[in-house]
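These notes concern the structure reproduced below.
The values are calculated or read from the model by the stated rules, or taken from the named source; none is laboratory data. Just so it is clear, the structure is predicted and the values come from calculations on it, not from any experiment. With ideal geometry, Cβ positions are generated from the backbone for all residues, glycine too; neighbour counts draw on all protein chains shown. These area figures cover heavy atoms from the full protein model, side chains too; ligands, DNA and RNA do not enter into them. Shrake-Rupley method; radii C 1.70, N 1.55, O 1.52, S 1.80 Å.
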Amino acid sequence: MQNILLIQNDSAGANAIRDALITSHDGSFGVVWVRHCCNGLKILAHKKARASHDEERIAAVLVDLFLPDSSGIETFDRLLQAAPQIPILVLTAAQDEDIAKLAVQRGAHEYLLKDHLDAYILPKAIGSMIERAANTEALFEEKERAQVTLNSIGDAVISTDVAGNVTYLNIVAEGLTGWSQQEAAGHPLEDVFRIIDGTTRQEARNPMEFAIRENKTVGLTPNCTLIRRDGVESPIEDSAAPIHDRHGQVTGAVM
């Protein structure tokens, strides 16, 4: 069962929402209803501290932003700060739609007009919201695992998008280039990874650009020297390979 926290002062509206979710054919929903924002925050804190099984957790929050103890965008901000990982759906009246849109800009998954709710639309919207949030969390965890792996190896790793702008540096690459991941992101590779021929002192060929253009793995020019951000020079050897999406299209390069 997926537990939904409903924060709404209107008892008639809350009962209609609870009936629509409990009898839904799209999933098994349980509804925890409170009238005040402070009570919703207590439930989120309690569930976060004590939940040990999926059936005990709050899967999503449905909230009317205008409550007895909190009003407008402040209501959303308080809930988001308390449980940023839980998807939030805003219930709004037509005259307050601009505030609901602002909540979406700040991180709410979506909003629904209270006058347009029914036993079909509401469960569909909540089920879709929970699924998207789960997919986003899974992608985030996968990215974190990949970054831990890349940071644990002894070689420098740099990746770019198809335009040649830096998208990632691991810890070794940060030390080698003198650029942090945050500083380098979005910069052309030539700004971050400055290489020259160690003998002629001429600028060396950009291996990632060549890997993208030719769609194949290429090595650095022999006798290559990297000029770190602070001017320190280091001889290097490496290779670059294209990155492909699931359709086989080149989306960038890694070295």
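Values [x] 13.2; [y] 17.8; [z] 15.9 are given for comparison; mean projected area of the Cα convex hull in nm², derived from the coordinates here, is the one labelled [y].
The accessible-area ordering, largest first, of the residues 247, 46, 36 stands as 247, 46, 36, per a 1.4 angstrom probe.
Against the chain, whose longest principal axis comes from its Cα atoms, helix 11-22 is set at around 60 degrees. Take every DSSP beta bridge whose two residues both sit in the chain, then give the antiparallel share in percent to the nearest 5. Here the share of antiparallel DSSP bridges comes out near 55 percent.
Around the amide H of residue 62, modelled in the peptide plane, lie the amide H atoms of 5, 6, 7, 89, all under 5 Å away and 5 or more residues distant in sequence or on another chain. On the basis of the beta-carbon distance and an R0 of 35 Å, residue 46 and residue 131 show a calculated FRET efficiency of 0.90.
As a fraction of the 1.4 Å probe accessible area of the chain, surface on carbon and sulfur atoms comes out at 50 percent. Computed about its Cα centre, the charge dipole of the chain is approximately 400 debye, with only Lys, Arg, Asp and Glu carrying charge at their Cβ.
Rolling a 1.4 Å probe over the heavy atoms of the protein chains gives the chain an accessible area of 55 Å² per residue. Extension gain for the segment residue 251 to residue 201, taken as residue separation times 0.36 nm less the Cα-Cα distance, is 14.9 nm to one decimal.
When the charge dipole of the stretch 56-100 is built from unit charges on Cβ atoms (+1 for Lys and Arg, -1 for Asp and Glu) and taken about the Cα centre, the candidate among 65, 88, 100 whose Cα reaches farthest toward its positive end is 88. Using 0.36 nm per residue and subtracting the Cα-Cα separation, the extra length available between residue 10 and residue 80 on full extension is 23.0 nm. Remark: the residue 185-residue 232 segment gains 14.8 nm on full extension, using 0.36 nm per residue and subtracting the alpha carbon distance. Helices in the chain, meaning DSSP H runs of at least 4 residues, each add -39500 (n - 2.57). Divided by all residues, the mean residue ellipticity at 222 nm is -12000 deg cm²/dmol.
Charges were assigned to the Cβ only: +1 to each Lys and Arg, -1 to each Asp and Glu. The resulting dipole of the stretch 168-208 about its Cα centre is roughly 120 debye. The figure for residue 115 is an accessible area of roughly 140 square angstrom, using a 1.4 Å probe on the protein chains alone. Its relative contact order, with pairs defined as Cα atoms under 8 Å and 6+ residues apart, puts the chain at 12 percent. What is the angle, in °, between the Cα long axis of helix 73-82 and the longest principal axis of the Cα atoms in the chain? Nearest 10 is fine, range 0 to 90. In the chain, helix 73-82 runs at an angle near 70 degrees to the longest axis.
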